[in-house]
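What follows is a single structure, written as structure tokens, with notes after it.
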Amino acid sequence: MARESDARSLARSRRAARKLLVQALYQLQIAGQAWQDLYHQYATDPQAAGADLRFFRELLLNIATGYAALDETLARYSDIEPARLDPIEHGILWVALYELHHRPDVPFRVAISEAVELARRFGATDGHKFVNGVLDRAAVELRPGERSA
């Protein structure tokens, strides 16, 4: 029972971190702020209460310093070039692609469903459909063993 409670708590704290990430990555794209400044801004915000700040920091750092590689990956699965994407969907896709590629502890279904939910909440009207399609294609290549199981 305690394990189940811990798993739910981790899921909630990572969900909160992903929400902060989408906001921070939007600012990164629009204003070009340094990831360190964004980290401090969001980590000290009252909205960060309950967020997994280690997870937030890891993803923010690695996405902010490696978004060019993520865009190369994204370009393989999207019919829209990354530079033309809406900044919200672009940031959401960065988060999910990072998780699919570098966080095997996050099941691919979780990475996709969390991204789709963020796109429903913050993205354009049908942005969640686009996000889902891109990530489904990416998961086939990035998580082949897990995807076929």
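The values are calculated or read from the model by the stated rules, or taken from the named source; none is laboratory data. Predicted model, so just to flag it, every value in this text is computed and none were measured. A quick note on method: Cβ atoms are made from the backbone with ideal geometry, for glycine too, and the neighbour counts reach across all protein chains shown.
Note down all Cβ pairs under 8 Å where the first residue falls in segment 98-109 and is closer than 12 Å to residue 55 by Cα, the second is among the acidic types (Asp, Glu) and part of a helix (DSSP H, G or I), and they're at least six residues apart or on different chains.
Pairs that qualify, where the first residue is closer than 12 Å to residue 55 by Cα and the partner is among the acidic types (Asp, Glu) and part of a helix (DSSP H, G or I), are 106/99.
Give, as residue ranges, the helices (runs of 4 or more DSSP H) completely inside segment 42-149 that count at least 3 residues that are within 12 Å of the chain's Cα centre (by Cα) and at pLDDT 95 or above.
Here the list reads 53-77, 87-102, 108-122.
Can you confirm whether residue 34 is farther than 14 Å from residue 63 by Cα and of a type in the set (A, V, I, L, M)?
On the way: farther than 14 Å from residue 63 by Cα: no; of a type in the set (A, V, I, L, M): yes.
Taking the combined requirement at face value, the residue does not satisfy it.
Look through segment 111-149, keep the residues that are free of Cβ contacts under 8 Å to residues at least 12 places away in the same chain and among the aliphatic types (A, V, I, L, M), and return whichever of them is surrounded by the fewest Cβ atoms within 10 Å (Cβ to Cβ).
Per the criteria, the residue is 149.
Quick check on my filter: what residues within segment 1-59 are of a type in the set (Val, Ile, Thr) and closer than 18 Å to residue 96 by Cα?
Selection gives 22 alone.
Conditions (1) in contact (Cβ under 8 Å) with a residue 12 or more places away in the chain; (2) of a type in the set (Lys, Arg); (3) out of contact with any helix residue (DSSP H, G or I) (no Cβ under 8 Å at 6 or more places or on another chain), marked per residue:
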site	(1), (2), (3)
18	yes, yes, no
23	yes, no, no
31	no, no, yes
54	no, yes, yes
72	no, no, yes
75	no, no, no
87	yes, no, no
